[in-house]
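In what follows, a structure is listed as structure tokens, so that the remarks can point back to it.
The values are calculated or read from the model by the stated rules, or taken from the named source; none is laboratory data. Here the structure is a predicted model, which is why all the values come from computation and not from measurement. Cβ placement follows ideal geometry from the backbone for every residue including glycine, while neighbour counts extend to all protein chains displayed.
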Amino acid sequence: MSGSKKNQKAILDKLGIEKLNPMQEEAALAIQNSMEVVVLSPTGTGKTLAFLLPIVEELKEDIAEVQVVILAPSRELAIQIEQVTREMGTGYKVNAAYGGTSFSKDKIALKTPPAILIGTPGRIADHLRRRTFDVSQIKTLVLDEFDKSLEVGFEDEMKEIIEALPQAQKKILTSATNGVEIPTFANVINPITINYLDEGVAKLLIKRIISPEKDKLNTLVEALCHLGNQPGIIFCNFKDSIQRVSDFLSENGIAHGCFYGGLEQKERERALIKFRNGTHQIIIATDLAARGIDIPELKFIIHYHLPQRAEEFIHRNGRTARMHNEGTAFVLQWVEEDLPDFIKAPNIEKVEKAPIPKPSGWSTLFISGGRGDKISKGDVAGLFYRQGDLKKEELGAIELKHDCAFVAIPTIKAERLIKLFDNSRLKRKKIRVYEI
């Protein structure tokens, strides 16, 4: 079995990463040599890999039980961590458990325990109550985005989990904001803190766009036309507002997706998939999208509603100007509206008249077969190249899940490919194919 385990260089090669950044190197070293570590670094700087690499190195091949528990405050972050762990190709089993999915499926997956178990506090606490896995070998506990997972709403579950894992002496906490007090029940006594929060901030521009009307919808459309075909997020404070903004953008012919807590998990996942693969350049979201989701580098974000707290402002802005790239956060401000003290935006963006941005030209196809059917990304690519007669540049991102896959292809080819592949076979699996 040891031959299947990979060292750090092999993992980085598989991920296409030449070398770790300074934060990742320092964090990994601290985690290797300390029992309590707090990692503070902006969104998008690679904190997940920073803690996974040293964790994987410490896993014991001869232990067939869960050794590490990673807690994430949202399903999306749990899914993202699971995806990164799988892409590392370590040879160790990993599972993610979160609300909105079948508990019975979790139990079946945990019958063969993973070395690394990732999950949201509610679902992990539920498993601990029902004793669906052995906790005796869990030596490491990670609280990712701990400022969110230690908030009042999660407090009872987090306390329950930490008390149920007394042998998890190694604790790793990560966040993209500072100043959050670690509660006593976390039992973190004297952590080493790695703080890179000031790194890359200079690359972020914060500008105002002035709306002459209190209802800022017309100004928003003008701003999106001015910004053109660039990936960005529009942040709203309430899910009801998202529907109103979405309807208005649709009326004006601006393609977009929506992402907020009230959506079914499947809808949320698909909105992010279409955003990642370029089917949608714009996504309208609540603060759920401000942290812990896997999306590409953004050119801008727009605060359609002003955030209510400084932490929300920081996390929203953290979706752009990541990893030393440039980006702009636009504050959409009614001319008579006062800005809170934590928003410093002296520069005003002059919005030039421009046409409605054209659709991206990419569509996303759903395929009803995935990892559980022994289907790989290579199998999916081969299907579209050989039988679909696509050129290399015509096959976009492929996302492979346990029971399905999603593929980005040119919109003009979608109808033909659906007719060709729907009800056909991929390996031994009869598949359904349709556009989402």
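Scanning region 327-350 for residues that are within 30 Å of the chain's Cα centre (by Cα), in a loop (DSSP other than H, G, I, E, B) and not charged (D, E, K, R) yields a count of 5. Restricted to region 5-102, the set of strands (runs of 3 or more DSSP E) holding at least 1 residues that are of a type in the set (S, T, N, Q) comprises 94-97. Hey, can you tell me all the residues within region 224-244 that are among the small types (G, A, S) and either in contact with a helix residue (DSSP H, G or I) (Cβ under 8 Å, 6 or more places away or on another chain) or closer than 18 Å to S360 by Cα (or both)? Of everything in region 224-244, those that are among the small types (G, A, S) and either in contact with a helix residue (DSSP H, G or I) (Cβ under 8 Å, 6 or more places away or on another chain) or closer than 18 Å to S360 by Cα (or both) turn out to be G228, G232.
Set side by side, the residues V188, V142, V180, V135 differ, and just one is more than 26 Å from the chain's Cα centre (by Cα), in the same structural domain as Q80 (by TED's automatic domain parsing), among the aliphatic types (A, V, I, L, M) and under 19 Å from A27 (Cβ atoms), which is V188. Consider region 363-379 and keep the residues that are basic (K, R) and either touching a Ser or Thr at 6+ places or on another chain (Cβ under 7 Å) or part of a helix (DSSP H, G or I) (or both). The one that is farthest from N95 (Cα to Cα) is K377. The C-beta contact set for region 216-228 (first residue more than 9 Å from I254 (Cβ to Cβ), second residue of a type in the set (G, A, S) and surrounded by fewer than 18 Cβ atoms within 10 Å (Cβ to Cβ), distance under 6 angstrom, 6+ apart or interchain) comprises H226/A354. Restricted to region 380-398, and to residues that are without any contact (Cβ under 8 Å) to a residue 24 or more places away in the chain and assigned to a helix (DSSP H, G or I), which residue is nearest to G361 (Cα to Cα)? Here the residue is E394. Just one of the listed residues (L15, L53) is out of contact with any strand residue (DSSP E or B) (no Cβ under 8 Å at 6 or more places or on another chain) and closer than 30 Å to R270 by Cβ, and it is L15. Could you tell me whether any residue of region 392-402 is more than 26 Å from the chain's Cα centre (by Cα) and under 26 Å from I206 (Cβ atoms)? No, region 392-402 has no match at all. Based on this model, can you work out whether G179 counts as at pLDDT below 95, surrounded by fewer than 17 Cβ atoms within 10 Å (Cβ to Cβ) and over 19 Å from G318 (Cβ atoms)? Judged against the criteria, G179 is not a match. Any residue at all in region 55-70 that is buried (at least 24 other Cβ atoms within 10 Å of the Cβ) and within 27 Å of Y260 (Cβ to Cβ)? Checked region 55-70: at least one residue is buried (at least 24 other Cβ atoms within 10 Å of the Cβ) and within 27 Å of Y260 (Cβ to Cβ). For region 256-294, filtering for residues that are modelled with pLDDT under 90, part of a helix (DSSP H, G or I) and of a type in the set (A, V, I, L, M) leaves 3. Could you please find all residues in region 203-231 being small (G, A, S) and either assigned by TED's automatic domain parsing to the domain that holds Q24 or modelled with pLDDT of 95 or more (or both)? S211, A223 - these are the residues of region 203-231 that are small (G, A, S) and either assigned by TED's automatic domain parsing to the domain that holds Q24 or modelled with pLDDT of 95 or more (or both).
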